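Engineer: Here it is: the structure, laid out below.
The values are calculated or read from the model by the stated rules, or taken from the named source; none is laboratory data. In this text the structure is predicted, and so the values were computed from the model without any measurement. FYI the Cβ positions are ideal-geometry reconstructions off the backbone, even for glycines, and counts take in every protein chain you see.
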């Protein structure tokens, strides 16, 4: 970092409230409202401190509807300086310990709100779950599909509760989840905090992702495409964000006839065939490399089959043939 930017960053951090903010945001992203509650200071004052540190590159900010969330910068010289400053702080400092206690209270409130949301929707979600193989079997299949290869920078489109981020946290260097629903992102934040998983969460449209081109090694769409009017467009948008040789994994239902999912659960598509999915992959410039169906018991003719489809970016062209996932 040059002399002038270094001095500006140090000035931005050189105040007790700002150091407290840095320490709090090193644990994960928080809203202005969260930080106001924890520090007991006015929103304008907190916002002013945050702006100074964002301008200096120590923090990053993103909007989620009417909300704004902040986190310690994960990249760049500002983020490295912020982490270095935090490392010098005494974790047993009385003020910092009190801040962490209030942070725990904020996260507990989040978890309670998430539980309330789940309670309101539990019946409908349990009805869908009862129609296909158990979630832990699907999650094991996801890990098997991606194999031992690192997920690197991982983007979970339509993250929902953030479950896929938890399942793959040990294999990724960076975790990013997006969802169109502010309510679901609140649930995801609560669950990830409880699990001790650090991830970046964003509210956005899967048709217009606010991320750099070729920025991710792995992208997942888990039970997302059946809600979309134009799944092929979403896959093309996702493919643009893959690094050369990156992977895209789709988990969704095979074709079925459960019309209640369309009329009651807002499903736009009643499943996808292998031929259809692999055609969309090729249109997006991806090579299909693996497929697996998780079928229910043979006697359960009215149940849903969960399909996994894996594709790779073609830059450079990789010698992968379509295979069945073991």
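Engineer: For region 46-60, which residues satisfy the criterion of being farther than 18 Å from residue 96 by Cα and in contact (Cβ under 8 Å) with a residue 12 or more places away in the chain? Before you say what the answer is, go through the steps one by one.
Structural biologist: The first filter runs over region 46-60 and keeps only residues farther than 18 Å from residue 96 by Cα, leaving 47-48, 51-60.
Residues satisfying the conditions are 47, 52, 53, 54, 55, 56, 57, 58, 59, 60.
Engineer: Still on this structure, please answer the following. Which condition number in (1) without any contact (Cβ under 8 Å) to a residue 12 or more places away in the chain; (2) in a strand (DSSP E or B) is the one that residue 219 fails?
Structural biologist: Single failed check for residue 219: (1).
Engineer: Continuing with this model, one more query. Among (1) part of a helix (DSSP H, G or I); (2) surrounded by fewer than 18 Cβ atoms within 10 Å (Cβ to Cβ); (3) modelled with pLDDT under 95, where does residue 90 come up short?
Structural biologist: It is condition (1) that residue 90 fails.
Engineer: Oh, and also: Is one or more of the residues making up region 150-160 part of a helix (DSSP H, G or I) and either at pLDDT below 95 or under 28 Å from residue 271 (Cβ atoms) (or both)?
Structural biologist: No, there is no match, as no residue in region 150-160 is part of a helix (DSSP H, G or I) and either at pLDDT below 95 or under 28 Å from residue 271 (Cβ atoms) (or both).
Engineer: Name the residues in region 235-259 that are surrounded by fewer than 16 Cβ atoms within 10 Å (Cβ to Cβ) and in contact with a helix residue (DSSP H, G or I) (Cβ under 9 Å, 6 or more places away or on another chain), would you?
Structural biologist: Scanning region 235-259 gives a single hit, 255.
Engineer: Out of 142, 187, 133, which single residue is outside any loop (DSSP other than H, G, I, E, B) and over 13 Å from the mean Cα position of the chain (by Cα)?
Structural biologist: Values: 187 fails: over 13 Å from the mean Cα position of the chain (by Cα); 133 fails: outside any loop (DSSP other than H, G, I, E, B).
Checking each option against the conditions leaves just 142.
Engineer: May I ask you to list the residues in region 46-87 that are in a loop (DSSP other than H, G, I, E, B) and over 13 Å from residue 8 (Cα atoms)?
Structural biologist: Step one: list which residues in region 46-87 are in a loop (DSSP other than H, G, I, E, B), which gives 56-58, 65-66, 73-75.
Result: 65, 66, 73, 74, 75.
Engineer: Next up: Step by step: first the residues of region 1-40, then only those that are closer than 18 Å to residue 67 by Cβ, surrounded by fewer than 21 Cβ atoms within 10 Å (Cβ to Cβ) and without any contact (Cβ under 8 Å) to a residue 60 or more places away in the chain, then the one that is farthest from the chain's Cα centre (by Cα). Which residue is that?
Structural biologist: Across region 1-40, the extreme among qualifying residues is 36.
Engineer: Ok, one more. Kindly establish whether residue 97 is assigned to a helix (DSSP H, G or I), at pLDDT 90 or above, surrounded by 16 or more Cβ atoms within 10 Å (Cβ to Cβ) and outside the structural domain of residue 177 (by TED's automatic domain parsing).
Structural biologist: Judged against the criteria, residue 97 is not a match.
Engineer: Going residue by residue through region 254-273, is there one that turns out to be assigned to a loop (DSSP other than H, G, I, E, B), assigned by TED's automatic domain parsing to the domain that holds residue 151 and within 14 Å of the chain's Cα centre (by Cα)?
Structural biologist: No, region 254-273 has no match at all.
Engineer: To continue, here is another question. Which of the residues belonging to region 57-87 are surrounded by 19 or more Cβ atoms within 10 Å (Cβ to Cβ) and under 22 Å from residue 202 (Cβ atoms)?
Structural biologist: Correct list: 57, 58, 59, 60, 69, 70, 71, 72, 73, 78, 82.
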